[in-house]
Each structure stands twice: as C-alpha cells, then as structure tokens.
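Before any comments, here is the structure.
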Amino acid sequence: MAYSLADYKTSVHNNWCPGCGDFGILNAIQMGLADLQLPPHRVAVFSGVGCSSKTPHYINAYGVHTLHGRVLPFAVGAKLANPGLTVLAVGGDGDGLGIGAGHFVAAGRRNVDITYVLFNNGVYGLTKGQASPTLALNKQTKSLPRPNASGPVNPLLLAFASGYTFIARGYAYNVPQLKALIQQAVEHPGLAFVEVRQPCPTYNNITTRDWYGGADRLDTAGKPQPRVYSVPDQEYDPLISEDSSEAQRLATIAAFTSKALEGGDAIPTGVLLRNLTQSTYGQRLEARLPGYHDVPPATRAIEVEGKSLADLEPLFEELRVV
Ligand SMILES: Cc1ncc(C[n+]2csc(CCOP(=O)(O)OP(=O)(O)O)c2C)c(N)n1
Ligand SMILES: [Mg+2]
C-alpha cells in the first residue's frame with residue numbers, strides 16, 4: 001500500500017496563530033514521512049509542552065504530548081522498548097533548551113536512533129512571549145518589559161558537544177528543503193537533530209519572516225537579500241565515517257563549527273554534520289543483551305494470569321544487608 005500526505009493528517013482543530021512557522025514544519029514532517037512510505041502505525045511522535053508541542057495532535061501516527069522539557073526521555077524510552085518504531089521528538093526552543101536542557105545533553109551521549117526536530121522561534125510562544133534560551137542578549141521583543149539579560153545558547157554547538165551524530169538546520173518557510181532534511185535525519189542511524197528557525201508572528205517582532213527573508217536588505221536592483229541561505233554542497237563534506245582520515249575529521253569539525261558560529265545576517269541551513277563513527281544505543285544494548293532486537297521489551301510478556309513473570313527474589317537476595 002502506498003501512503004500519501006493525507007494519511008498523516010488528522011481532523012484535530014489546529015489553533016496555531018495565522019502565519020505561524022509551525023505550519024511549515026508540520027507540513028515538512030508529514031510530507032517527509034509520506035515520501036519515506038513509513039506506515040503511520042509504525043511511527044510515534046513525542047512532544048513536550050508549548051505551541052510547537054501540539055504537533056503530535058496533527059499527525060496521524062502514535063504520539064504523546066508529554067510534560068514540559070521531558071520529550072526526549074519519553075521518545076528515547078519508546079524507541080528502546082520498541083526499536084522497530086520510527087520515533088520523532090518535537091518541541092520548542094524553551095522546551096528543549098530551557099527546562100529540557102539536561103535531557104538534551106543526556107540524549108546526545110546515548111545516540112539513540114531517533115530524530116529531534118527543535119522549533120526555534122526565540123520565545124516561549126504558548127506562555128505569551130517570554131525570552132527563550134535562544135534569544136540574543138539585549139534583544140527586546142514586544143512582550144518583554146526590558147531587554148533580554150541573558151545570552152543565547154547555540155543549539156547546533158550544544159548538539160555537537162553532547163554527541164548528536166546528525167546535525168542540520170532548516171527554515172520553516174523553506175518546506176521542500178526542510179522535508180529533505182527531516183527525511184535524512186530519520187534515515188540516519190543514530191540521534192539526529194534538526195534545528196528549525198521559525199518566526200513567531202505574535203510575539204517575536206525581531207526575527208520575523210521579513211527579517212529572515214531580508215526585506216530590509218535590498219541589493220542595488222532592489223531585491224531582498226535573505227539572511228537564511230543553503231550551504232552549497234561543494235563548500236564542505238559534512239560526513240565523518242570510519243574511512244575518514246584524522247585530517248578529514250578535523251576539517252569537517254572545523255567547517256561545521258564555523259558554520260554553526262555564523263549568525264546575524266548569515267544563517268546557514270542544510271545538513272551540517274553526519275557522523276557515522278559512533279555506535280547507537282541499540283547496538284550497545286544488543287552487545288550486552290544478545291537478542292534484544294529480536295525480542296525487544298515491547299514484545300515480551302510481563303505477566304501471566306495477573307502474575308508478574310519477573311522474579312525479584314534473587315535481586316532482593318543480592319541486596320540483602322546482613
Ligand atoms: C513544569 C512547567 N513549567 C512551566 C510551564 C509553562 N510553560 C508552558 S509552555 C512553556 C514554554 C514554551 O516555549 P517553547 O518550548 O519555546 O514552545 P513554543 O510555544 O515557543 O512553541 C512554558 C514555560 C509548564 N507548562 N510546565
Ligand atoms: Mg519557542
């Protein structure tokens with residue numbers, strides 16, 4: 001059976017603001033899943049709390065709208081219990097980099113084979129526009145009584161430092177590119193991170209759609225000079241594999257770092273790093289628990305006729321203090 005975009009849509013009422021970047025990201029995820037021909041019942045989408053975290057309601061797949069900042073533990077747990085599922089984690093910059101920052105780092109160290117799409121609008125949209133961890137120092141969006149007193153975290157560099165093995169950036173209004181990025185992220189064996197820059201038309205009056213599109217920066221012919229741009233394929237090879245020499249690895253990391261540090265008037269998008277040299281957490285589990293993939297936890301019986309199959313007596317015996 002062939003799956004189409006319609007198979008990933010739901011009839012749940014959508015209450016995002018008109019013009020919200022979330023719409024483009026939702027479409028890109030749905031189009032990406034349809035193009036990959038993943039059956040909706042083999043996909044699970046998890047979210048934290050925020051406007052962007054309403055996404056699972058709008059995708060016809062399994063999904064859980066979890067707790068603020070806790071999207072990754074849920075998503076990781078589901079993948080480890082049922083490794084055959086395609087698991088996506090979605091949520092805002094506040095959710096993932098504020099309250100969820102510890103989980104963001106911990107997930108990188110494990111390299112579980114899931115995809116994390118971070119909706120980055122620079123604000124806490126749902127709670128009326130407070131500064132998020134990605135808003136620049138001294139910027140004052142219209143809902144802030146004073147300029148931002150904190151500096152921003154760089155999501156791409158934090159992902160790299162934490163061990164994410166696929167790192168990309170997209171833009172909510174470049175849906176074809178974002179769809180391709182999400183597909184590559186899903187296909188990547190390991191933890192994939194896609195940061196998506198998005199305007200928040202209601203609360204972020206600084207990094208607006210016009211700002212990203214360069215409406216205030218006209219060339220001599222009067223054409224806008226967009227701030228977001230696609231890193232050209234030939235600029236550097238984002239792949240690090242077992243075959244890469246030490247010099248090639250260092251060159252890729254240097255090129256990635258310099259792209260991740262760009263900002264302001266030049267916002268690079270595309271696949272920025274793809275590292276195939278790290279084992280996934282699933283492979284590490286398989287090495288310790290042979291047969292883990294053949295009989296994963298989700299398929300194991302845990303009780304018969306109301307009686308647990310787990311015999312905890314030996315464990316208690318081992319822990320007994322005499
Ligand atoms: C434990 C807890 N603390 C605070 C909140 C309030 N809260 C809800 S959403 C949110 C931030 C949302 O911002 P972001 O994750 O960037 O999502 P956006 O709405 O911008 O898409 C906050 C602080 C909460 N729901 N739970
Ligand atoms: Mg946000």
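The values are calculated or read from the model by the stated rules, or taken from the named source; none is laboratory data. As the structure is a computational prediction, the values presented were derived from the model and not from experiment. When we count neighbours, we look across all protein chains shown, and the Cβ atoms used for this are built from the backbone with ideal geometry, even at glycine. Protein only, heavy atoms only, side chains kept; ligands, DNA and RNA dropped before computing areas. Shrake-Rupley method; radii C 1.70, N 1.55, O 1.52, S 1.80 Å.
Summary of computed values
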item	result
Restricting the range 276-322 to residues that are under 17 Å from Leu85 (Cβ atoms) and charged (D, E, K, R), the residue that is most open to solvent (accessible area, probe 1.4 Å)	Asp294
Tabulated pairs, the range 295-309, first hydrophobic (A, V, I, L, M, F, W, C), second surrounded by 10 or more Cβ atoms within 10 Å (Cβ to Cβ), C-beta under 6 angstrom, 6+ apart or interchain	Ala298/Ala81; Ala298/Asn82
Qualifying residue in the range 268-282 (condition: part of a helix (DSSP H, G or I) and either without any contact (Cβ under 8 Å) to a residue 40 or more places away in the chain or in contact with an Asp or Glu (Cβ under 9 Å, 6 or more places away or on another chain) (or both))	yes
Options Gly84, Gly69, Gly50: the member that is on the phi > 0 side of the Ramachandran plot, of a type in the set (Gly, Ala, Ser) and open to solvent by 10 Å² or more (accessible area, probe 1.4 Å)	Gly50
The range 81-91 - residue that is under 19 Å from Phe166 (Cα atoms) and outside any loop (DSSP other than H, G, I, E, B) and, of those, farthest from ligand 2 (Cβ to nearest atom)	Thr86
Search result, residues across the range 175-209 that are among the acidic types (Asp, Glu) and in contact with a strand residue (DSSP E or B) (Cβ under 8 Å, 6 or more places away or on another chain)	Glu195
Candidate set: the range 101-130, residues that are without any contact (Cβ under 8 Å) to a residue 60 or more places away in the chain and part of a helix (DSSP H, G or I); chosen: the one farthest from ligand 1 (Cβ to nearest atom)	Arg109
Residue list for the range 205-221, restricted to those being open to solvent by 40 Å² or more (accessible area, probe 1.4 Å) and not in a helix (DSSP H, G or I)	Asn205, Ile206, Thr208, Ala215, Asp216, Arg217, Leu218, Asp219, Thr220, Ala221
Residue under evaluation Gly94, criteria (1) touching a strand residue (DSSP E or B) at 6+ places or on another chain (Cβ under 8 Å); (2) assigned to a helix (DSSP H, G or I); (3) more than 8 Å from ligand 1 (Cβ to nearest atom), criterion not met	(3)
Selection from the range 219-245 of residues that are out of contact with any helix residue (DSSP H, G or I) (no Cβ under 7 Å at 6 or more places or on another chain) and either touching a residue at least 40 places away in the same chain (Cβ under 8 Å) or among the basic types (Lys, Arg) (or both)	Lys223, Tyr229
Residue in the range 236-256 that is closer than 23 Å to Arg110 by Cβ, out of contact with any strand residue (DSSP E or B) (no Cβ under 9 Å at 6 or more places or on another chain) and open to solvent by 50 Å² or more (accessible area, probe 1.4 Å) present	yes
Residue satisfying condition, being at negative phi, open to solvent by 10 Å² or more (accessible area, probe 1.4 Å) and at pLDDT 95 or above, within set Phe193, Phe166, Phe160	Phe160
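Rundown of residues vs (1) open to solvent by 60 Å² or more (accessible area, probe 1.4 Å); (2) under 17 Å from the mean Cα position of the chain (by Cα); (3) more than 29 Å from Thr207 (Cα to Cα), yes/no style:
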| site | (1), (2), (3) |
| --- | --- |
| Ala2 | yes, no, yes |
| Ser11 | yes, no, yes |
| Gly24 | no, yes, no |
| Ala28 | no, yes, no |
| Ala34 | no, no, yes |
| Leu38 | no, no, yes |
| Val43 | no, yes, yes |
| Lys54 | no, yes, no |
| Val76 | no, yes, yes |
